[in-house]
Amino acid sequence: MNTTTPIRFVRPPSERRHRRDHRDSNESLAQLIVAGLAGFSIFLLAIISLSIGYRINYSGRIFPGVSIAGVDVSGMAPVDAAVKIRTALSFPYSGKVLFRDGANLWVETPSNLGMSLDPDATAKIAYDFGRADGIFTSMNDQLNAAQVGAVVPPVIQFDQRVAYAYLQNLAKQVERPVVEASLVINGLDVSAQPGQPGRQLDIESTIAYLHAQMRLFRDGEVTLFMTEQAPQVLDANPQAEAARRLLSAPFTINLPDARMGDPGPWQITPAELAPMLRVGREGIGPGSRYVLQLDHDMLKARLDDIAKQVNRTEEDARFTFNQQTGQITPTQASKVGLRVELLDAMKAIQKAVGSGEQTVQLAVKATQPLVEDTATSERLGIRELIGSQTTYFFGSSAARRKNIQTAAARYNGLLVAPGATFSMGEHMGDVSLDSGFAEALIIYNGKTIKGVGGGVCQVSTTLFRTVFYAGLEIVERHAHAYRVYYYEQAPGGSNNSQLSGFDATVYFPLVDFKFKNDTPFWILMETSFDDAGSSLTWNLYSTPDGRTVQATFSGPTNVTPPLDPTITFNPDAEPGSVAHVDYAAEGADINIHRTVTRNGEVLFSHDIVTRYQPWADACEYGPDVKDPEKIFKKRGWCQKP
C-alpha cells in the first residue's frame, strides 16, 4: 500500500517582511492626514473666531482704516460718519469745473452742474466694507483696511437735466451757424460773399466727459466737444466772375459753317441777358457749387424764334434745259437743310453760360440735298422734252393772273427723282398776301367767293394735262365742283367742250395733285407764263423710255341745265354795291380714258371720271341799293333764260 506525503508551501522570509512594512506605511500616512485636517480645522476655527470677534468688537461701527475721499471714518457709526461726510466733503459746492473753448474759459461748481453728494448712502457703503462679501474676502478687506487703509468712493448723484440746461446755455455762446456762400445778380451788378463753417456743441459727449471728471472728486478741466459743419457752398467767387464776364458784352450765338444769306449771328445784350440769368446748384451736401444758368422758358422762347429763321428743308438745285445743247444750267443753287436741335442747343448754351463764355455755336442738324448745282444732264438722265401742255386764261382778272404767275414760278426748275411721288402741295409753300398772292375768286364750301390764291388751279390743271400726255402715273387728282370756262378754252379764248373734265383742282392741304415718276431717270419741270398770250405752258424734260399715250374724251354727257339764278342781300358788302359772285354752268358727266403702252406692252389703262354739278348764276347787293333786280336785269346778270 502506497502512502502519499502532503506537499507544504513555505513563503520565503523576505516576502513576509515586505508585506509587514507596507501595512505599517499605510497606517502612518493615514495618521498624518488626520493630523493635518485636525490642525487646519483648528486654524480655521481660530480665524473664524477671530473674525467673528473682530466683527463683534466693531458691531455698528465702521472698520478701522476706512476713509472716504480723504475723510477718515474709522470706528464711527454710520450716522456719525454721515454727519462728518456732509461737513467735510464740500467739493460739490466749493469745487471748480473749468470749461475751455480755445481762449474762452468758463468756471462752475459741480452742484450747479447737477452734482450732489449722498452722505447716508456713502456712510452705508463705508460700513458695509469688509462685511458684504464672503468670509474670507471680508477678512482680507478687514486686514487690508487695518494695515494700509481702504478708500471708499463717495456716492454721487448727477442730475443730467441741470448739466444739459447749463450746456445748452453755453452753446449759445460758442456755437456758430453755417453760412452759405451767396451769389446775387441784380441787373448788371454781381455780388458774392464767401461761406463760413458752422460750429455745434456736442452736449452728449461733453456731459459724458464732465461726469468722468466729477467722479474724481477734485477740481478739473473739461474740454468742450465741438463739431464742425461745413457749408454746402463755400466759395461763389468763380461763378461771380463768370457772371461779370457774361454781363460785360453781348452773348453771341453763331450758326456753324454759315454761308452767305444764312441767318445769324444772334446776340443777347447784357440788359436782355441779366433777367434771364439764374443761380442753380450742382451737387448735394458739402462740396457742391453754384452754377449759372439761363431761365429755361426764356431761353426756349429765344431758340424757338431762332429756329423759325434757321429751320429749312434741303432744296435741290434748280435748272433750265437748253434744247439746242441738251444740257442743263443751274438757275438756283442747292441748299443744305437745317434744323435746330433744341435740346442740344439748350445744353450747349447752358454749358457756355455756366463757364462764363460769351459765344456758343448753335446746335443744328444739316441734311444734304440730293442734287447740287454741279449736277449734269448725263448724271440725271435729262436729255430732251418728254411732255408739254399749254392752258389759256383769257378774261382773267389781274389778281388771278398774278396768282397764276406766282404759283407757276414756284415749280419752275424743280426736279423729280426716279420713283418719287411729286406733290404740288408740298412744293407750293405759303399761299398768302405776304408771299406774293392776291385775292381772286375761288370755289370754297360750295360757293364761289373771293379768296387768296384764286387761279392756282390753272397751274394744277396745266400740270395734270402735261403728266397725262407724258404717260406718267397719276396718283391723286380732283375735279372742280362745276365746269369752269377757263379750263375749256382753246387758243385765242374760244370754248372747246371736249376739254371739259380735263381739269385738276387743289386746295392745300386738303386737296392735292400728285403724280409718280415711274421712270429710271430724273424729270426736270419748267413753267412759262405768258401774260400777253394769256397762257401757261408746262414742259417736262427727261429721257424718253418709249411709252406712248392713247386717249379718248367723251365730252359732256348727261347734261343738265343750270340752276335758277339767285339774287341775295349781303349786309357786309359796301353800301350801294352790286356783284356777280357766281356763274351759271350746266351739269354733266365726262369720261376720259387713257392707255399707256411701251414697246407694245400696256403699262396702265384707266378712266378718269368727272361729274359736274349744275350751277346757278348768283348775284349780291349791299345796303342802300334800290331796286337791285332792275340793276341786274339792265346788266344782264342773274336772269332766267
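The values are calculated or read from the model by the stated rules, or taken from the named source; none is laboratory data. Not measured: the values here are computed from a predicted model. Positions of Cβ are backbone-derived with ideal geometry, glycine not excepted, and every protein chain shown enters the neighbour counts. These area figures cover heavy atoms from the full protein model, side chains too; ligands, DNA and RNA do not enter into them. Shrake-Rupley method; radii C 1.70, N 1.55, O 1.52, S 1.80 Å.
Just to be sure I understand, how many residues within the range 67-85 are in contact (Cβ under 8 Å) with a residue 60 or more places away in the chain and part of a helix (DSSP H, G or I)?
Residues meeting the conditions: 1.
Based on this model, can you work out whether Gly70 counts as on the phi > 0 side of the Ramachandran plot and either open to solvent by 30 Å² or more (accessible area, probe 1.4 Å) or modelled with pLDDT of 90 or more (or both)?
yes
Just one of (1) acidic (Asp, Glu); (2) surrounded by 14 or more Cβ atoms within 10 Å (Cβ to Cβ); (3) out of contact with any Phe, Trp or Tyr (no Cβ under 7 Å at 6 or more places or on another chain) trips up Asp202, so point out which.
Among (1) acidic (Asp, Glu); (2) surrounded by 14 or more Cβ atoms within 10 Å (Cβ to Cβ); (3) out of contact with any Phe, Trp or Tyr (no Cβ under 7 Å at 6 or more places or on another chain), Asp202 violates only (3).
Go through the range 89-109 residue by residue and tally those that are part of a helix (DSSP H, G or I) and surrounded by fewer than 15 Cβ atoms within 10 Å (Cβ to Cβ). Walk me through it before giving the result.
Restricting attention to the range 89-109, the residues satisfying the condition of being part of a helix (DSSP H, G or I) are 91-94.
From what is left, the residues that are surrounded by fewer than 15 Cβ atoms within 10 Å (Cβ to Cβ) are 93-94.
Final tally of qualifying residues: 2.
Would you pick out the residues in the range 465-485 that are in contact with a strand residue (DSSP E or B) (Cβ under 6 Å, 6 or more places away or on another chain) and closer than 13 Å to Ile386 by Cβ?
Thr466, Val467, Tyr469, Ala470, Gly471, Leu472
Does any residue of the range 540-555 turn out to be of a type in the set (A, V, I, L, M, F, W, C), part of a strand (DSSP E or B) and in contact with a Cys (Cβ under 8 Å, 6 or more places away or on another chain)?
Initially, the range 540-555 is screened for residues of a type in the set (A, V, I, L, M, F, W, C), giving 540, 549, 551, 553.
Remaining after also requiring part of a strand (DSSP E or B): 540, 549, 551, 553.
Keeping just the survivors that are in contact with a Cys (Cβ under 8 Å, 6 or more places away or on another chain) gives none.
No, because not a single residue in the range 540-555 is of a type in the set (A, V, I, L, M, F, W, C), part of a strand (DSSP E or B) and in contact with a Cys (Cβ under 8 Å, 6 or more places away or on another chain).
Could you tell me whether Ile382 is over 30 Å from Leu299 (Cα atoms), of a type in the set (Val, Ile, Thr) and modelled with pLDDT of 95 or more?
Values: over 30 Å from Leu299 (Cα atoms): yes; of a type in the set (Val, Ile, Thr): yes; modelled with pLDDT of 95 or more: yes.
Yes; evaluated as a whole, the condition is true for this residue.
With a cut-off of at least 1 residues that are open to solvent by less than 50 Å² (accessible area, probe 1.4 Å), of a type in the set (Val, Ile, Thr) and in contact (Cβ under 8 Å) with a residue 24 or more places away in the chain, name the helices (runs of 4 or more DSSP H) lying wholly within the range 233-322. Walk me through it before giving the result.
On the way: elements: 237-246, 270-273, 296-310.
Filter on the range 233-322 gives 296-310.
Taking the range 388-409 only, how many residues are crowded, with 19+ Cβ neighbours inside 10 Å and in a loop (DSSP other than H, G, I, E, B)?
Residues meeting the conditions: 2.
Name the residue that is modelled with the lowest pLDDT, counting only residues in the range 577-594 that are open to solvent by less than 30 Å² (accessible area, probe 1.4 Å) and not hydrophobic (A, V, I, L, M, F, W, C). Spell out how you get there, then give the answer.
Initially, the range 577-594 is screened for residues open to solvent by less than 30 Å² (accessible area, probe 1.4 Å), giving 582, 585, 587-588, 590, 592, 594.
Next cut, not hydrophobic (A, V, I, L, M, F, W, C) only: 582, 587, 594.
On the way: Asp582: 85, Gly587: 94, Arg594: 97.
Of everything passing the filter in the range 577-594, Asp582 is modelled with the lowest pLDDT.
Could you tell me whether any residue of the range 362-369 is out of contact with any Leu (no Cβ under 6 Å at 6 or more places or on another chain), without any contact (Cβ under 8 Å) to a residue 40 or more places away in the chain and either open to solvent by less than 50 Å² (accessible area, probe 1.4 Å) or within 28 Å of Leu433 (Cβ to Cβ) (or both)?
yes
Name the residue that is nearest to Pro263 (Cα to Cα), counting only residues in the range 326-349 that are modelled with pLDDT under 95 and part of a loop (DSSP other than H, G, I, E, B).
Ranking the qualifying residues of the range 326-349, first place goes to Val336.
Among (1) of a type in the set (A, V, I, L, M, F, W, C); (2) assigned to a loop (DSSP other than H, G, I, E, B); (3) farther than 15 Å from Ala407 by Cβ, there is one condition Ala504 misses while meeting the rest; what is its number?
(3)
Tell me the residue from Tyr469, Tyr507 that is open to solvent by 50 Å² or more (accessible area, probe 1.4 Å), within 54 Å of the chain's Cα centre (by Cα) and either within 30 Å of Phe321 (Cα to Cα) or in contact (Cβ under 8 Å) with a residue 40 or more places away in the chain (or both), please.
Tyr507
Identify, from the list Val602, Val625, the residue that is of a type outside the set (Gly, Ala, Ser) and touching a helix residue (DSSP H, G or I) at 6+ places or on another chain (Cβ under 9 Å). Give the steps one after another, and end with the answer.
Values: Val602 fails: touching a helix residue (DSSP H, G or I) at 6+ places or on another chain (Cβ under 9 Å).
Residue meeting the stated conditions: Val625.
Give me the pairs, please: first residue somewhere in the range 129-144 and within 13 Å of Phe63 (Cβ to Cβ), second residue anywhere and among the acidic types (Asp, Glu) and in a loop (DSSP other than H, G, I, E, B), beta-carbon distance under 8 Å, and either six or more positions apart or on two chains.
Hits for this filter: Asp141/Asp133.
Might you let me know whether the range 560-573 holds any residue that is without any contact (Cβ under 8 Å) to a residue 24 or more places away in the chain, part of a strand (DSSP E or B) and either among the hydroxyl-bearing types (Ser, Thr, Tyr) or surrounded by fewer than 15 Cβ atoms within 10 Å (Cβ to Cβ) (or both)?
No: zero hits.
Does Ala352 qualify as being of a type outside the set (S, T, N, Q), at pLDDT 95 or above, under 30 Å from Gln267 (Cβ atoms) and surrounded by 17 or more Cβ atoms within 10 Å (Cβ to Cβ)? Show your work before the answer.
Numbers: of a type outside the set (S, T, N, Q): yes; at pLDDT 95 or above: no; under 30 Å from Gln267 (Cβ atoms): yes; surrounded by 17 or more Cβ atoms within 10 Å (Cβ to Cβ): yes.
Taking the combined requirement at face value, the residue does not satisfy it.
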